[in-house]
Amino acid sequence: MSDPGGADGHGGHGGDGGHGGSLAPLPEWLLPVQEGAASITADHLTRFTPPADGSARLGAVLMLFAEGAQGPELLLTERAHDMRSHPGQVSFPGGGLDPGETAVQAALREAEEEVGLEPAEVRVFATLPDLWLPPSNFAVTPVLGWWAHPSGVHIASRDEVHAIHHVPISELLDPTHRVTVRHPRGYQSPGFMIGPDNDVILWGFTGGIIAKLFDFLGWTQPWDETRVRDLPDYMLAADPRPTPGLLDIEDEPDRPHEDI
C-alpha cells in the first residue's frame with residue numbers, strides 16, 4: 001500500500017457510509033484507507049470488543065481526512081484544559097449517540113457542534129469496527145470521512161474545544177514525532193507530538209486508533225520507542241481513574257452528550 005506522506009450504520013465497516021456519496025471521489029492516497037477499513041477487525045485496533053449482550057452504550061467519532069497546505073491531513077481537536085474529564089487531550093470530534101441516531105449522524109453532529117463543520121461537505125466512506133471502552137461501557141464507532149472542499153472550521157464550543165489541529169499525515173508518520181507517552185501511574189502508550197511547534201501530545205484513544213490503523217496499512221516507519229514523554233500537569237488535573245487505559249471515555253452527566 002502506498003504511503004501518503006508525500007502525496008498531494010453502527011457496527012459495520014468498509015464501503016461508503018451512506019452520507020455524501022455524490023460528493024467528490026476519494027483521492028488516490030486515501031484508497032488504501034478505504035480498502036483497509038473493509039478488512040480490518042477490532043482485534044487489529046484493540047483487545048477490547050463490545051459485550052455480546054448489547055449492553056454497551058453507543059458512541060461515535062469522526063476521523064476526517066482532507067488535503068491541506070502540506071498534503072493529506074487529519075482534523076483533530078484539543079479539548080478544553082478545564083474540562084472535568086481528559087482536559088487538554090487531543091481527540092477526534094465525537095460523543096454519545098442520541099436516541100434514534102446512527103453512528104454517522106452522531107459523528108457529524110458532534111463535529112458540527114464542536115468545530116462548526118458543515119456535514120454536507122463530508123463524504124463518509126467507511127466505518128471502523130466498534131471499539132469497547134470498559135471503564136464506561138461505551139462501544140465507539142470511528143467514522144471515516146473525506147473533506148474534499150473544506151469551507152473552514154472554527155471553535156464552536158469553547159467549553160469543549162481549546163484548539164483545532166490540521167495535522168499533516170506526513171508529520172504523524174515522521175519517526176521524529178513519535179514518542180512513548182508515560183502516565184505518572186506507570187501506564188504507557190504510543191503517541192505523537194503535533195501542533196505548530198510539535199509540543200502537543202496526541203495519545204490515548206485517538207493516538208491508539210491512528211497508530212494501529214497506520215500499522216495495519218503498513219504506513220508506520222520505525223521509530224524510537226524508548227523516547228518517552230510524560231503527560232503535562234494540565235492533562236492530569238481531572239483524572240479520577242486508578243488505572244488509565246489506552247481507549248477510554250468518560251461520563252459527563254451534566255452534559256447532553258457524552259464526550260469521546
Could you tally the net charge around residue 147, taking each other residue with its Cβ under 12 Å from the Cβ of residue 147, Lys/Arg +1 and Asp/Glu -1? -3
Which of the peptides 179-192, 216-229, 66-79, 105-118 is most tightly packed, and how do the rest follow, judged by the mean count of other Cβ atoms within 10 Å per residue? 105-118, 66-79, 179-192, 216-229
Is the range 124-219 best put as rounded, prolate or oblate by its Cα gyration tensor, with a ≥ b ≥ c the root eigenvalues, rounded for a/c under 1.5, and otherwise prolate when a/b is larger than b/c, oblate when not? rounded
What does the C-alpha gyration tensor say about the overall shape of the range 50-166? Classify as rounded when a/c is under 1.5, otherwise prolate if a/b is larger than b/c, or oblate. oblate
Whole-Å distance linking the alpha carbon centroid of the range 101-150 with that of the range 30-44 is 16
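FYI, it's all coordinate maths here, none of it is from the lab. Computed from a predicted structure; not experimentally measured. Positions of Cβ are generated from backbone atoms using ideal geometry, with glycine treated the same way; all protein chains shown enter the neighbour counts.
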